[in-house]
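Let me begin by presenting the structure, written as structure tokens, before commenting on it.
The values are calculated or read from the model by the stated rules, or taken from the named source; none is laboratory data. Remember, it's a predicted structure, so these values are computed and weren't measured experimentally. No Cβ is skipped: glycine too gets one built from the backbone with ideal geometry, and neighbour counts run over all protein chains shown.
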Amino acid sequence: MVDLSINCAGIKSPNPFWLASAPPSNSAYQNCKAFEQGWGGTVWKTIGEPVMNVFNRYGGLDYNGQKIFGLNNIELISDRPIEVNLKEIAETKKLWPDRAVVVSLMVESKRETWHEIVKRTIDTGCDGIELNYGCPHGMSERGMGAAVGQVPEYCKMITEWVTEVSTIPVIVKLTPNISNIQLPARAAKAAGANAISLINTINSIIGINLDTFELKPNVGGLGGHGGYAGPAVKPIALHLLSQVAIDPEVNLPISGIGGISNWRDALEFILLGASSVQVCTAVMHYGFRIVNDMIEGMSNWMESKGFTSLDQIRGKSLQRVNDFGNFDLLNRTIARIDQQKCIHCNLCYIACEDAAHQCIDLTPVNGHNKTEVREKDCVGCALCSLVCPVENCISMVRIDDGSASKTWNQLTEEFKRNGKPMTWENLAEFQKKHGIEIH
Amino acid sequence: MKNIAPKLQSEQYEKNFSDLHPPFTQNSAVTEANRCLYCYDSPCMKACPTHIDISTFIKKISTGNLLGSAKTIYESNWVPLTCAKACPVDVLCEGACVYNDKEEKPIQIGRLQRYAIENYFEKGMPALFHKASKIGKSVGVVGSGPAGLACSAELALMGYEVTIYEANKIPGGLNTWGIAPYKMRREDSLKEVKLVKSFGVDLKTEIMIGKTVKVDDLLNKHDALFLGVGLGESPQLSIPGEELSGVVGALDFIEKVKTENWHDIQVGKRVAVIGAGNTSIDAATEAKRLGADQVYIIYRRSDVEMSAYEFEYELAKRDGIVFHFLTSPKQIIGKGFVEGIECLKMKLGEPDKWGRRKPIPISGSEFTIPVDMVIKAIGQETKSSFLSTISKLTLDEEGCVIVDQTTYQTTNPKIFAGGDCINGGKEVVNAAYDGKRAAHGIDKFLSLPKGGK
Ligand SMILES: Cc1cc2nc3c(=O)[nH]c(=O)nc-3n(C[C@H](O)[C@H](O)[C@H](O)COP(=O)(O)OP(=O)(O)OC[C@H]3O[C@@H](n4cnc5c(N)ncnc54)[C@H](O)[C@@H]3O)c2cc1C
Ligand SMILES: Cc1cc2nc3c(=O)[nH]c(=O)nc-3n(C[C@H](O)[C@H](O)[C@H](O)COP(=O)(O)O)c2cc1C
Ligand code: SF4
Ligand code: SF4
Ligand code: SF4
């Protein structure tokens, strides 16, 4: 039997799938409905200061007919009073004792205000607190959200105000709108946070209407930066997650967020160290029902791989996150085309010809073109295999025997030892010795 | 006719002749366009006889550059609306789409082309091409079918003065008068005529060349001539009873259907169509859609040898047409009007010189199918009686005009030809290609130092 249950800094849930603090987790009605459908936890839509939303608040990025490849929003935190939210949180937790109910908070930067909201939140019986240091618009101008997340000192100060009174786990949710994500994560750690969650949304302008010149979303003729989320942000989220996960100075459980739409995405976050995963845009697109496939797909995958608990895979890929200087320069791959599978679209040809190393030959053969890689010129960049529309038609095959290996760091080291400067000539000599010719 | 099929309600006629392939909406067009892989040197383009740059025009639909999309199409083909609606795409572009190799549905190229071109006409045909300044030479074009139109458009843009001579009152050739109404209507064809006229082409209708105006008159008047006269009516069956009332030629019948005055067309309750080409299928399905109860297709050979396309055959079967294969008409029976058709069963013998197995009659196998109407659809006659009067023109044994494969010049250096009259009857798209290529042949000829004199 596969066990999907998790424990993130003491917050337990039957599966790793949590609603992210966002519109789907706005009310008792929604959170209870999500739990009924199988969600393991929720991070309640951020509660706090009085706010009023504008009406038109979302913009979608469609790509080649795929709707909402990315989603941008200028929504604020919960637009319902704290009292209403706290009452509903208490009711929800009572009804769903086995699910994780985490409450996201954001109030003005005053110690007493934070103390008060934290205490009132704990009184609901919830399992944890998440500090929203990420909201990139509306709140940040008022000195909250990303305004805190972008300044490690503020991050530390406010987290301390929370941890000094909190009796339940505190998660700090980070903004990706910063050049070094490790700094606010370390600040959170220093302030006694129990976990990190990331990412919140990315600063963005989703687009311009070419007929009216208005920004999207358009609010009475005006627009501005909003927060970007959805499938398009996943690679950025994965990277930032890995940066926090490999930082020995942080070493905290992490709740992964950003572009998770299905169990495959979720597994990638877990393989890079996430304990739980949070989902917003995918639910906004399709509803709570997607969790069914998430649970089932993940369980089936675990079973097929022989894993029984998520602890066995958490962080399994982290050891592979490394620096360019440690990559083997002599690990040679080239592209090989399976002529049986080829459908003759010639996309590999034009990609290699115009954008790589001009080493795919087109030869007319009974009415269509045959595409063939000139292997000695192929640099193994893999572009052709990325554009090929047929599954497993172009494979990248390794051609070196593994006997020689040299990283850039080793090479520069070796040059230094032998008193050779790093010049094009010396580099060419090294390449030539290993049969590498770049034209 | 003895038993005339009862007339239908107007709405029923409209329904019966409504679009076989309905138009895309903007959303569905973009979705389909996005599915296109944007192949390089694409197989679909190669399979199109006019070599439309399909991947490019489809990509332009996906970005919303519809005018650019139409321009890409017109660069290769002057009757793209007709082609979009009437081309046998299964055996041309769509049949070559790489998706077939992926065991997935090919891109609906025809419908996308229709989308781009209909948008172009809806936008009021904004100018896409720059007309070159006048060369001071004139070309006469005989026939306003797709071949003639394509040749005229191309020449007009190059700066030639072009006059089309068309025998019919309403131009467009078979695009107007032949293609089944559930594929396209007359008005579609006339839009394409209008576009060509907008390039300054002078279109003179109701002038049958060879009658009052002779080819020699045109040769005197113009620097070169293009013949796009197409083919004629279905040949005689040469069996007894052919003179009976209720026996009609397929082209005549179809032409009536194309008037869209469906109430006024008499169609028998039971109809036999002789022959199994694409025209036979059209005649049969059109008779059925006009209200005939029973429609039979009678063909000497089997389904394997029949020249109709697979999808046309499928369409006929869906329409409830009954096929009598290996059956040959012996005589049409009736007193004054058709009452039945006596047929003979056949079997297949040795292959003939084209590899098609010859039908051999089985003696004593006669049987009679009671019918009220017989439509003759065993091909189209060439216009050899007219063509053979033109000096220095050479025809092959089928009666087709012989031309140079690249210049489309006939054996009379001042005369060029294209379309059905050189190929014996192919598709609109072939005629469109011929016309365009011939225009370049003419231009090359008239640019010679002697100016073609
Ligand atoms: C019933 C039927 C259905 C068809 N359906 C399809 C289809 O679905 N798809 C497809 O691609 N193709 C179809 N075709 C074939 C297609 O219509 C022809 O291949 C195409 O129209 C040939 O073009 P053309 O310009 O050579 O000749 P035509 O279209 O035949 O045009 C010839 C023109 O020349 C005029 N003309 C002839 N003689 C003279 C003269 N002496 N003086 C002045 N004018 C003259 C005629 O009046 C006519 O307008 C169909 C054909 C038929 C018969
Ligand atoms: C409309 C909208 C409103 C959001 N509101 C909040 C919020 O109130 N508090 C918060 O911490 N994050 C908020 N987020 C960020 C999400 O919780 C999440 O971090 C982000 O959307 C990335 O996840 P996703 O790609 O699954 O959507 C919001 C996101 C969206 C799209
Ligand atoms: S791997 Fe790169 S260089 Fe090699 S054939 Fe493919 S595109 Fe060209
Ligand atoms: S991209 Fe793939 S399918 Fe297309 S031609 Fe190249 S190998 Fe063949
Ligand atoms: S072959 Fe198919 S997928 Fe490729 S360009 Fe043509 S229509 Fe598009």
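Considered as a group, the residues in the stretch A:171-186 that are buried (at least 24 other Cβ atoms within 10 Å of the Cβ) and aliphatic (A, V, I, L, M) include one that is farthest from A:P253 (Cα to Cα), and that residue is A:I181.
Checked against the criterion of being touching a His at 6+ places or on another chain (Cβ under 9 Å) and within 11 Å of chain B (Cβ to nearest Cβ), the stretch A:371-378 has at least one qualifying residue. In the stretch B:34-48 there is at least one residue that is at positive phi and part of a loop (DSSP other than H, G, I, E, B).
Selection of the stretch A:87-120 for residues being closer than 16 Å to A:T46 by Cβ and among the small types (G, A, S) yields A:S104, A:S109.
Taking the criterion of being closer than 30 Å to A:L61 by Cβ and among the charged types (D, E, K, R), the residues of the stretch A:275-329 that qualify are A:R289, A:D293, A:E296.
Tell me yes or no: at least one residue of the stretch B:105-114 is small (G, A, S) and surrounded by 24 or more Cβ atoms within 10 Å (Cβ to Cβ). So far as the stretch B:105-114 goes, no, none of its residues is small (G, A, S) and surrounded by 24 or more Cβ atoms within 10 Å (Cβ to Cβ). Quick check, is A:E75 in a loop (DSSP other than H, G, I, E, B) and either under 26 Å from the mean Cα position of the chain (by Cα) or in contact (Cβ under 8 Å) with a residue 60 or more places away in the chain (or both)? Judged against the criteria, A:E75 is a match. Among the residues in the stretch B:224-237, are any of a type in the set (G, A, S) and over 30 Å from B:G140 (Cα atoms)? No, the stretch B:224-237 contains no residue that is of a type in the set (G, A, S) and over 30 Å from B:G140 (Cα atoms). Consider B:N168 carefully, then state whether it is more than 30 Å from B:S62 (Cβ to Cβ), of a type in the set (S, T, N, Q) and not in a helix (DSSP H, G or I). In short, yes. Of the residues making up the stretch B:206-230, those that are among the small types (G, A, S) and either within 14 Å of chain A (Cβ to nearest Cβ) or within 10 Å of ligand 1 (Cβ to nearest atom) (or both) are B:G210, B:G228, B:G230. Checking each residue in the stretch A:27-62 for being more than 19 Å from A:A266 (Cβ to Cβ) and within 22 Å of the chain's Cα centre (by Cα) picks out A:W44, A:K45, A:T46, A:Y58, A:G59, A:G60, A:L61, A:D62.
State which residue is nearest to ligand 2 (Cβ to nearest atom) when the search covers only the stretch B:37-47 and only residues that are out of contact with any Phe, Trp or Tyr (no Cβ under 9 Å at 6 or more places or on another chain) and touching a residue at least 40 places away in the same chain (Cβ under 8 Å). Per the stated criteria, the residue is B:C39.
Exactly one residue out of A:N346, A:N322 is surrounded by 19 or more Cβ atoms within 10 Å (Cβ to Cβ) and more than 9 Å from ligand 3 (Cβ to nearest atom): that is A:N346. For the stretch B:33-62, which positions are hydroxyl-bearing (S, T, Y), away from ligand 4 (no atom under 16 Å from the Cβ) and facing another protein chain (nearest Cβ under 10 Å)? Correct list: B:S62 only.
Is it the case that the stretch A:106-124 has a residue that's buried (at least 22 other Cβ atoms within 10 Å of the Cβ), closer than 19 Å to A:P24 by Cβ and in contact with a Pro (Cβ under 8 Å, 6 or more places away or on another chain)? Taking every residue of the stretch A:106-124 in turn, none turns out to be buried (at least 22 other Cβ atoms within 10 Å of the Cβ), closer than 19 Å to A:P24 by Cβ and in contact with a Pro (Cβ under 8 Å, 6 or more places away or on another chain). The residues listed here are A:G149, A:G138, A:G143, A:G134; of these, the one that is of a type in the set (G, A, S) and surrounded by fewer than 20 Cβ atoms within 10 Å (Cβ to Cβ) is A:G143.
Here A:I334 clears all of (1) within 16 Å of ligand 5 (Cβ to nearest atom); (2) at pLDDT 95 or above; (3) not in a helix (DSSP H, G or I) except the condition numbered (1).
Residue check: A:C348 meets all listed conditions (1) in contact (Cβ under 8 Å) with a residue 40 or more places away in the chain; (2) within 14 Å of chain B (Cβ to nearest Cβ); (3) not in a helix (DSSP H, G or I) but one, namely (3).
In the stretch A:317-326, the count of residues that are of a type in the set (K, R) and away from chain B (no Cβ under 14 Å) is one or more. Within the stretch A:358-392, if we keep just the residues that are under 32 Å from the mean Cα position of the chain (by Cα), of a type outside the set (G, A, S) and within 12 Å of ligand 3 (Cβ to nearest atom), the residue that is surrounded by the fewest Cβ atoms within 10 Å (Cβ to Cβ) turns out to be A:L386.
Checking the stated criteria, B:H21 turns out to be modelled with pLDDT under 95 and more than 10 Å from every other protein chain (Cβ to nearest Cβ). Comparison of A:A28, A:A22 shows that the only residue that is crowded, with 21+ Cβ neighbours inside 10 Å and closer than 19 Å to A:G287 by Cβ is A:A22. Residues that are within 12 Å of ligand 3 (Cβ to nearest atom) and either over 14 Å from A:D338 (Cα atoms) or not assigned by TED's automatic domain parsing to the domain that holds A:I436 (or both) within the stretch A:393-416 comprise just one, A:I399.
The set of residues in the stretch B:13-34 that are farther than 26 Å from B:W78 by Cα, surrounded by fewer than 20 Cβ atoms within 10 Å (Cβ to Cβ) and touching a residue at least 12 places away in the same chain (Cβ under 8 Å) contains only B:N16. If we scan the stretch A:380-403, do we find a residue that is farther than 20 Å from A:F324 by Cα, among the hydroxyl-bearing types (S, T, Y) and within 16 Å of ligand 4 (Cβ to nearest atom)? Yes: one or more hits.
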